[in-house]
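All remarks here apply to the structure that follows.
The values are calculated or read from the model by the stated rules, or taken from the named source; none is laboratory data. Owing to the predicted nature of the structure, the values given are computational and were not obtained by experimental measurement. Cβ: placed from backbone, ideal geometry, glycine included. Neighbour counts: every protein chain shown. The area values use the complete protein model at the heavy-atom level, side chains included, leaving out ligands, DNA and RNA. Shrake-Rupley method; radii C 1.70, N 1.55, O 1.52, S 1.80 Å.
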Amino acid sequence: MHEQEAARLANLNKARAIGGVNPYGTRTEGLVTLAEAKGRYDEEADAEHQATAKSESPVDDRPRAKVAGRVMLKRTGGKLIWMNLRDASGEDLQIAVSKRDCTGDGFPLAQATDLGDIVVAHGPLMKTRTGEVTIWVDAFEPGAKSLTPPPTKHAGLQDVELRYRQRYVDLWANPETMRVFQLRSAIVSNIRRLMDARGYQEVETPMLQAQAGGAAARPFKTHLNALDVDVSLRIAPELYLKRLLVGGMPKVYEVNRNFRNEGVDKQHNPEFTMIEAYEAFGDMGTMMELTEHLCRESARLVVAWSRGVDILSVSDVDLVLPFGELMIDFGSPFARVGYGELFERSLGFAMSDLDKVWAKADELGIVGKYAGHLAAEGREIGAGGLRGKVDDAIIVNEVFEEVAEASLDPSRPTYITDYPSAISPLTRPKPEDLTLADRADLFLGGMELAPHYTELNDPEVQAEKFRAQLAGVDAEEMTFRTFDKDFIRALKVGMPPAGGMGLGIDRLVMLLTNQRSIRDVLLFPFMRPE
RNA sequence: GAGGGCGUAGCUCAGUUGGCAGAGCAGCGGACUUUUAAUCCGCGGGUCCAGGGUUCGAGUCCCUGCGCCCUCACCA
């Protein structure tokens, strides 16, 4: 169906034939946004102009504006053409191109304009009879031809797949999409400002790594031809940021992409953005306070933005934002609950009661899952079952995630503290109980948002934990668990005690902009190739 | 990976019991210098996701494939 495109090509040629104008525009100085143009309207000047227009000495002191925008609506009269323009400023603005008052070839060019074209218009600001602020155009020229028919003017672009694949249409056709991504940019920019204000130094560490460490996830693998070595895209920047602590940088952070070759769903995209931060001579608590600060101030920014008020005027009690059916309170202090305490409260028995833990794991199908893993590798399970072959801590954690995490109030930001040390390989064990780790994970909206650690800086303990990890049950997992020798070498040089955290930016933006899918906060989410 | 849903005009969507492929907007031609999703008159526009099957006849029923969405599982 190229009927509509043919009509646009015809209009394109029509415009080209008019005075040699380039339908694809040119450099243009002095443009203001549609919102600013609208704001320039002057009631008195407009009234004076109207009163004197038909007199012998007309007065026209109306403010003028030169704008560029995409044509959303077009209503043609015989000698007067109305268009509604849109830009990123969030305000659409009406323009009127009159055959009598528009100079040069403006009027015929306006006639040859199609919905979706980008146009440039210049003229005084006036109000119509019905009170709509309008630019009464005296100079009109094309900005860019749109050869593709636009989505319906009213419904916008609804098709979810098209919205992701053709974000360039979604952004201008659906103002809410533009708003989300403007907010995302503002949130990230604000987070950088908050970090800088606290004396953190932003750094960049490798995304191409010979060994993908700092988390447990399957990496994307590729090959560096020049050196003939296999490399991976990073799954976390952690081990490099800690090397910088060793080098003497006291407070570092990085906002950038991680890549994980795993499931794709509403909360997971193959590449996602995290802020990771480390502070020498801090600890888990230092970082929990930092995360709470970043979340709260980000919420303040969003509230200020949506109300159109100054950020300083938004108090903590106003920091309640909708997320689906939930109302999330970012203003109150975040809740805290111990891992073991939450386990016992939700399961009815202690995590140390291993008989009951294993029985529950069996009931939940967890045992069967692990038995399947072992069987797939051809390993004997034996008469004694799985116990003894799979670390108790892993089974405890499976039960915890299934039952205890799910019992949290999703509308209340909550830190889970005192994780088992066995599942926290990069975290310092608690001095008073070496089976627990100085680790706290922030949960919110049913999502894991950010882990916090008192970092492990004892190279011997770290080396032992790497070895223990590698003794895992699953051969498949072995392929992405790494023993980073250089990292141990760095720790041997001496890393100051430190706190660290990693906050998922995409998920934070989801929570703050009320978007239920990570794809709606990523400009170009990963899509299967067409 | 399992289950469910969807795929029809450029866009947004109807399509009844299996019986000539529909609407609104958009487009084309005409009228109109204060319109507001402008209005009025007229006209054109389809690989019904793809392939196969059942049937006199399939957008509709069946099978296979592709794509997207949802739920669950996986992803410590």
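Summary of values
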{"read-out": "Distant-in-sequence amide H partners of A:Gln201 (H built 1.01 Å from N, under 5 Å)", "value": "A:Lys251, A:Val252, A:Tyr253"}
{"read-out": "Karplus (6.51, -1.76, 1.60) ³J(HN,Hα), θ = phi - 60°, over segment A:268-279, in Hz, Gly and Pro reported as x", "value": "10, 10, x, 10, 8, 10, 10, 9, 10, 9, 9, 10"}
{"read-out": "Rounded if a/c under 1.5, otherwise prolate or oblate - segment A:37-110, Cα gyration tensor axes", "value": "oblate"}
{"read-out": "Probe 1.4 Å - accessible area at A:Asp355, Å² to nearest ten", "value": "100 Å²"}
{"read-out": "Cα shape, chain A, gyration tensor, a/c 1.5 rule", "value": "prolate"}
{"read-out": "Gain in span if fully extended, A:Lys127 to A:Glu460, counting 0.36 nm per residue against the direct Cα distance", "value": "112.3 nm"}
{"read-out": "Nearest-0.05 FRET efficiency for A:His293 and A:Phe220, computed from C-beta distance (R0 35 Å)", "value": "0.60"}
{"read-out": "Accessible-area composition of segment A:1-80, carbon plus sulfur, in percent [1.4 Å probe]", "value": "49 percent"}
{"read-out": "Accessible area expressed per residue, segment A:190-277, with surrounding protein chains retained (probe 1.4 Å, Å²)", "value": "48 Å²"}
{"read-out": "Filtered GluC sites (Glu not before Pro), segment A:386-435: DSSP coil and at most 16 other beta carbons within 10 Å", "value": "A:Glu432"}
{"read-out": "Nearest-20 debye value, chain A charge dipole, Cβ charges on Lys, Arg, Asp, Glu", "value": "1860 debye"}
{"read-out": "Relative packing of peptides A:492-502, A:192-202, A:236-246 - highest average C-beta neighbours within 10 Å first", "value": "A:236-246, A:492-502, A:192-202"}
{"read-out": "Two-site label geometry, A:Arg489 and A:Glu401: point separation in nm, points 7 Å out along Cα→Cβ", "value": "3.3 nm"}
{"read-out": "Sequence of A:Phe323, A:Phe483, A:Phe524 from largest to smallest accessible area, 1.4 Å probe", "value": "A:Phe524, A:Phe483, A:Phe323"}
{"read-out": "Whole-number Å³ per residue for the convex hull built on Cα positions in segment A:389-530", "value": "172 Å³"}
{"read-out": "Unsatisfied cross-links (Cα-Cα over 19 Å) in the set A:Lys79/A:Lys153; A:Lys360/A:Lys389; A:Lys356/A:Lys389", "value": "A:Lys79/A:Lys153"}
{"read-out": "A:Asn13-A:Glu56 pseudo-label distance in nm [points 7 Å out on the Cα-to-Cβ vector]", "value": "5.3 nm"}
{"read-out": "Relative contact order %, chain A, counting alpha carbon pairs below 8 Å whose residues are six or more apart", "value": "12 percent"}
{"read-out": "Qualifying trypsin sites (Lys or Arg not before Pro) in segment A:261-318, DSSP loop, other Cβ atoms within 10 Å at most 16", "value": "A:Lys266"}
{"read-out": "Charge dipole of chain A about the Cα centre (unit charges at C-beta), most positive-ward option of A:Thr113, A:Phe466, A:Val357", "value": "A:Thr113"}
{"read-out": "Accessible surface of A:Arg70 - all protein chains present, 1.4 Å probe, nearest 10 Å²", "value": "60 Å²"}
{"read-out": "Charged-residue dipole, Cβ positions (Lys, Arg, Asp, Glu), segment A:295-349 about Cα centre, Debye nearest 20", "value": "60 debye"}
{"read-out": "Selection from A:Gly324, A:Pro529, A:Tyr339, by position along the positive dipole direction of chain A (Cβ)", "value": "A:Pro529"}
{"read-out": "Reference-scaled alpha-carbon Rg (2.2 N^0.38 Å with N residues) for segment A:240-364", "value": "1.44"}
{"read-out": "Dipole magnitude of segment A:187-327, debye to nearest 20 (Cβ charges: Lys/Arg +1, Asp/Glu -1, about Cα centre)", "value": "220 debye"}
{"read-out": "Hits among lysines - C-alpha to C-alpha of A:Lys492 under 18 Å, sequence gap 8 or more where chains match", "value": "A:Lys242, A:Lys465"}
